[in-house]
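The values are calculated or read from the model by the stated rules, or taken from the named source; none is laboratory data. This structure is a prediction, so every number in the text was calculated from the model and none was measured. Neighbour counts run over all protein chains shown; Cβ positions are idealised from the backbone, glycine included.
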Amino acid sequence: MIMIDRKTAVNVEWKGRNRMKETRWAIVGTGYIANEFAKGMQEAAAAELVAVVSRSEENGKTFAQRYGCNTVYTELAEMLRNARPDIVYIAIPNDCHFSYIMTVLEAGIPVLSEKPMVDNRRQLDAVLAKAREKDVFLMEGMWTRCFPAVRQARSWIAEGKIGKPLTVKSGFDIKPDVSDWQPWKGGISHAGGALRDVGIYALAMAQMVFPESPKEAHATMKSNGEVDESFHMLATYTDGRAAFLSGAFNQVSTPVTEIVGELGRILIGPEFWHPTTAELVMNDGTRQTFEKAYPASGFQYEIEAIQECLEKGEKECPYFTLTDTEIIADWIETTRKEWGIVYKADSE
């Protein structure tokens, strides 16, 4: 454990402390997404960062100081013994998730893991069983489901505003600058690929509208020699319903999700994975717009939703349930194996 002199730590004023008890968070990892999460934590009510875990002591100290934490560990087990957080957020490369999740759950501590939560169905069954055994909260980090704009879109669908949903069009297609790229995301050694990294968001949009597994999924992909660099998919459901989905590291497309129903359509954007707006457009041209701008990264919505679950003693988040995780994970695994993409975890 490394203690940081509080005089050198950033003075972070936590926003909106209106709960009786703060939730004590530990963050595992210090990369881009961990930083975005910590920025959201600064905006979340009653969230406190009490520990950081990093294999690099120097990186851990820098991260902790940036977000007002004074305790850094280089070993997960030591952190769990000493810090005893209320929940652990895991933000490390894909292939590392499983062992870290199992270690935290074994300690009886709730887990929020970045997506994709694990690498295959065998690992998923193991973490689900361990969470049930220990009777603790577990969630895959599909933060998109927690944004107010997405929650409004779901309400419109549930209220029948667009009638029966018929199609979903959603693509997370990006072409990162080399300076912003994390090479492990496009490599086999860390169980990467566009489908699991960015495409999972598009699949989650389809699954939000059509909760069941698709009858069929027809997909084409471009390989970089190790994993999928891009893919395009048609998922079909009963009664002619369909989803047109994509994910890519090599191209840029429209980042708005469109949900079309018999009576109208819903547009979620401007970037659907962290949206500020949801627009309801009726077939007669009538429009209704929901807009909710937010400070920082937007992770505060996921953080506050999870804290509410912990306060209520719930074991999963209603915005993105473990059943949702199972359906999408099976869909992804079937697809990648059809492409011939096999991870190390598949042979273990």
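Side notes on the structure shown:
- The residue that is surrounded by the most Cβ atoms within 10 Å (Cβ to Cβ), counting only those in region 306-348 that are of a type in the set (Lys, Arg) and under 24 Å from ASP135 (Cα atoms), is LYS315.
- Filter result for SER56 (of a type in the set (Gly, Ala, Ser), surrounded by fewer than 16 Cβ atoms within 10 Å (Cβ to Cβ) and free of Cβ contacts under 8 Å to residues at least 24 places away in the same chain): no
- Only listed residue being polar (S, T, N, Q) and part of a strand (DSSP E or B), chosen from SER179, SER246: SER246
- Yes/no for ARG287 being within 15 Å of SER170 (Cβ to Cβ), surrounded by fewer than 21 Cβ atoms within 10 Å (Cβ to Cβ) and of a type in the set (Lys, Arg): no
- Qualifying residue in region 218-238 (condition: assigned by TED's automatic domain parsing to the domain that holds PHE172, touching a Pro at 6+ places or on another chain (Cβ under 7 Å) and over 24 Å from GLY186 (Cβ atoms)): yes
- Identity of the residue in region 104-158, over 30 Å from VAL342 (Cβ atoms), free of Cβ contacts under 8 Å to residues at least 40 places away in the same chain and not aliphatic (A, V, I, L, M), that ends up surrounded by the most Cβ atoms within 10 Å (Cβ to Cβ): LYS134
- Restricting region 194-232 to residues that are surrounded by fewer than 14 Cβ atoms within 10 Å (Cβ to Cβ) and not hydroxyl-bearing (Ser, Thr, Tyr), the residue that is farthest from the chain's Cα centre (by Cα): GLY225
- Checked against (1) among the hydrophobic types (A, V, I, L, M, F, W, C); (2) in a strand (DSSP E or B); (3) modelled with pLDDT under 95, ALA51 passes all but condition (3).
- Residue, surrounded by the most Cβ atoms within 10 Å (Cβ to Cβ), within region 177-193, restricted to residues that are farther than 16 Å from ASN120 by Cα and in contact with a helix residue (DSSP H, G or I) (Cβ under 9 Å, 6 or more places away or on another chain): GLY186
- Restricted to region 182-227, and to residues there that are part of a strand (DSSP E or B) and charged (D, E, K, R), the residue that is farthest from GLU333 (Cα to Cα) is LYS222.
- Single residue of VAL88, VAL150, VAL136 found to be in contact with a Pro (Cβ under 8 Å, 6 or more places away or on another chain), within 30 Å of GLN288 (Cβ to Cβ) and among the β-branched types (Val, Ile, Thr): VAL150
- Any hit, region 76-94, residues being under 19 Å from the mean Cα position of the chain (by Cα) and either aromatic (Phe, Trp, Tyr) or assigned to a helix (DSSP H, G or I) (or both): yes
- ASN250 fulfils the conditions (1) under 20 Å from the mean Cα position of the chain (by Cα); (2) closer than 28 Å to ASP330 by Cβ except for a single criterion, (1).
- Pairs with Cβ under 7 Å, 6+ apart, first in region 297-323 and within 12 Å of PHE137 (Cα to Cα), second of a type in the set (Phe, Trp, Tyr) and part of a loop (DSSP other than H, G, I, E, B): CYS309/PHE137; LEU310/PHE137; GLU314/PHE137; LYS315/PHE137; GLU316/PHE137
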